[in-house]
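S.K.: Dumping the structure here so I can ask a few things about it.
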Amino acid sequence: MTHPAQPKASHFINGEYVEDTAGTPIPVIYAATGEQIATVYAATPAIVEQALSTAKEAQKAWAKMTGTERGRILRRAADIMRERNHELSVLETYDTGKPLQETLVADATSGADALEYFGGLAGSLTGEHIPMGEDWVYTVREALGLCVGIGAWNYPTQIACWKGAPALACGNSMVFKPSETTPLCALKVAEILLEAGAPAGIYNVIQGMGEVGGALVTDPRVDKVSLTGSVPTGKKVYAAAAAGMKHVTMELGGKSPLIIFDDADIDNAVGGAINGNFYSSGQVCSNGTRVFVQKGIKEKFLARLAERTGNAILGDPMDEATSFGPMVTVNQMNIVLGYIEKGKEEGARVVCGGARADMPGYYIQPTVFADVTDDMTIAREEIFGPVMSVLDFETEEEVVARANDTEFGLSAGVFTNDFSRAHRVIGQLEAGSCFINSYNDAPVEAPFGGVKASGVGRENSKEAIKHFSQVKSVYVRMGDVEAAF
Ligand code: NAD
């Protein structure tokens, strides 16, 4: 019998499901059991061509609609997503293994937020009037054209919407390629947009691995590429896009610092460290995986952290009581277990966890290492799993320098009750998305993105509009033209 997660076909192009079984089969594995629940096929060159030519053609009429009309469609799509939240959350859980307790509140809901927010903005995207004596200049905010979105596997619904909603609001069309690990959810986003009234061909989804992404990025018809992925992939995609002088947004990896001063409220700081390391089993780009704790409160912090981490409920992700799910794939589980072994070998102290959980599926125990030093592998590389490194520090100056000593710059957080210190420290941290007495909030109203190797451009907020549109300026002369000859 066909599993309910199996989509009607692999791709969604020009308003309909399309299949081409000549492409490489991509098995979809449910991480909680290891069972294969669906198969999709990577896009063949013919499918890539169909998606690009359709999206290129459809964009022209879409850009000619008023922003209010486009916005209405996006807001209708938001309403449909909210109405179907439960079924979309179940699919997200099948796609990623993340527990329903999370997906019910974080995935289709945040996708709907993006559709609603950018739908609301679409009618207000105007230019400027610049007086020049009796002449004037006016500016027009124009769509870029055809945008390509490429997703990571941790938030398949959210990423499809975070890229699609601002792109469509500005009058662009999109070809979205989900991660080959989680190909299911973006198809539902495409279906819902069509149902909400988006013209066929405005938002297309095609499947595939890196080479399909590469074919999209290098096509001369594509005007913009927005990638969520790792730094090595980002470097390749950025270079390929640069060769065609395309616009880019790069949302990449991190190894973010979370700094806890000894005057902080310990329970809030522990809560922040848990949210910043164990949500989605640690598979979050902005995670604060280097937790710097001031020496005076170190043991108290670790004791409380171990106690609360012990309350994590590992189990069936479809059981709403489960608060901690598996790694997305066996491969990701093995990578993370490799880092845990490295941490032990290099002399870090295991406070809790430190092994695979004794159950079916790809579960790793939430793991806390203490006495981690800056040079250890677990303190330098992005692990993308439930592994928290706790490092000690003494002074503010010292911790700021150590926090910044990394190629990454996605996020940073500070816990302290001294508000001048909070702002002073955040002001010095090299990161794009920061938190004071909190961690990992990502509302659509706030810009999100990194500095240094963690990326370029911003998603969400009005900033995203700038990255999915361009400004044309028009000089209007009222008098005669003077010329030298
Ligand atoms: P990945 O870099 O392996 O893959 C990302 C996407 O790029 C996939 O869809 C993949 O098929 C595609 N791809 C790979 N090679 C390509 C190429 N040469 N040309 C075009 N496309 C190509 O990342 P992943 O393992 O899926 O996701 C985990 C990574 O994503 C982590 O580093 C994480 O930090 C990062 N991430 C960042 C954010 C953010 O917003 N900053 C959010 C989520 C995840």
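The values are calculated or read from the model by the stated rules, or taken from the named source; none is laboratory data. All values reported here derive from a predicted model rather than from experimental measurement. As a convention, Cβ positions derive from the backbone with ideal geometry for all residues, glycine included, and neighbour counts pool all protein chains shown. Accessible surface is based on the protein model in full, side chains and every heavy atom, while ligands, DNA and RNA are left aside. Shrake-Rupley method; radii C 1.70, N 1.55, O 1.52, S 1.80 Å.
S.K.: With a point put 7 Å past each Cα toward its Cβ, work out how far GLN470 is from GLU69 in nm, to one decimal.
M.R.: Output for this residue pair reads 2.4 nm.
S.K.: Let me ask something else about it. Give me a comma-separated list of calculated 3J(HN,Hα) values for segment 376-393, in order, Karplus coefficients 6.51, -1.76, 1.60 applied at θ = phi - 60°, integers in Hz, x for any Gly or Pro.
M.R.: Each residue's phi maps through the Karplus curve to give 5, 4, 5, 9, 10, 9, 6, 9, 6, x, x, 10, 9, 9, 9, 10, 8, 8 Hz.
S.K.: While we're here: Largest first and to the nearest Å, give the Cα extent of segment 57-104 along each principal axis.
M.R.: If we take the Cα atoms of segment 57-104, the spans are 42, 22, 13 Å.
S.K.: Something else about it: Return the carbon/sulfur percentage of the accessible area of segment 402-485, one whole number, probe 1.4 Å, all protein chains in place.
M.R.: Here carbon and sulfur together make up 52 percent of the probe-accessible area.
S.K.: Using a 1.4 angstrom probe on the protein heavy atoms only, could you order MET388, MET318, MET478 from most to least accessible area?
M.R.: Putting MET388, MET318, MET478 in descending order of accessible area: MET478, MET318, MET388.
S.K.: How would LYS56, LYS224, LYS298, LYS466 line up by accessible area, probe 1.4 Å, largest first?
M.R.: Putting LYS56, LYS224, LYS298, LYS466 in descending order of accessible area: LYS466, LYS56, LYS298, LYS224.
S.K.: Now a separate question. Excluding ligands and nucleic acids, what accessible area in Å² is computed for ARG421 using a 1.4 Å probe, to the nearest 10?
M.R.: The accessible area comes out at roughly 40 Å².
S.K.: Run the simple label-point estimate for LYS236 and THR218 please: 7 Å along Cα→C-beta, distance reported in nm.
M.R.: The two pseudo-label positions are separated by 1.1 nm.
S.K.: Could you give the nm distance between label points at THR2 and THR377, where each point is 7 Å from its Cα heading toward the beta carbon?
M.R.: Result: 4.4 nm between the two label points.
S.K.: Let me ask another. With a ≥ b ≥ c the root eigenvalues of the C-alpha gyration tensor of segment 304-373, is it rounded (a/c under 1.5), prolate (a/b larger than b/c) or oblate?
M.R.: oblate
S.K.: With the contact rule set at Cα under 8 Å and sequence spacing of 6 or more, what percent relative contact order holds for the chain?
M.R.: 18
S.K.: Net charge within 12 Å of ALA106 by Cβ-Cβ distance, Lys/Arg positive one each and Asp/Glu negative one each, not counting ALA106 itself?
M.R.: -4
S.K.: Ranked from the most accessible area to the least, with a 1.4 Å probe and all protein chains present, what is the order of PHE384, PHE415?
M.R.: Result of the area sort, largest leading: PHE384, PHE415.
S.K.: Please work out how much accessible surface HIS86 shows to a 1.4 Å probe, ignoring ligands, DNA and RNA, in Å² rounded to 10.
M.R.: 100
S.K.: Charges only on Cβ, +1 for Lys and Arg, -1 for Asp and Glu: so what's the dipole of the chain about the Cα centre, in debye to the nearest 20?
M.R.: Around 800 debye, computed over the chain.
S.K.: Moving on to the next point. For helix 231-243, report the angle its Cα long axis makes with the longest principal axis of the Cα atoms of the chain; keep it between 0 and 90° and round to the nearest 10°.
M.R.: Approximately 20 degrees, to the nearest ten.
S.K.: Let me ask something additional. May I ask for the Kirkwood hydrodynamic radius of the chain, worked out over all distinct Cα pairs and given in angstroms to one decimal?
M.R.: After inverting the pairwise mean of 1/r, the radius is 23.3 Å.
S.K.: Please compute the length gained on full extension between PHE419 and ASN331, using 0.36 nm multiplied by the number of residues separating them and subtracting their Cα-Cα distance.
M.R.: Once the chain is fully extended between PHE419 and ASN331, it gains 27.4 nm.
S.K.: Which of the aspartates and glutamates could be linked to LYS235 by a straight reach, that is with a Cα gap under 12 Å, when you skip same-chain ones fewer than 8 residues away?
M.R.: Correct list for LYS235: GLU251.
S.K.: What lysines sit close enough to LYS472 to cross-link, taking a C-alpha to C-alpha distance under 25 Å and skipping anything fewer than 8 places away on the same chain?
M.R.: Hits, sequence-local ones excluded: LYS56, LYS60, LYS64, LYS163, LYS224, LYS246, LYS462.
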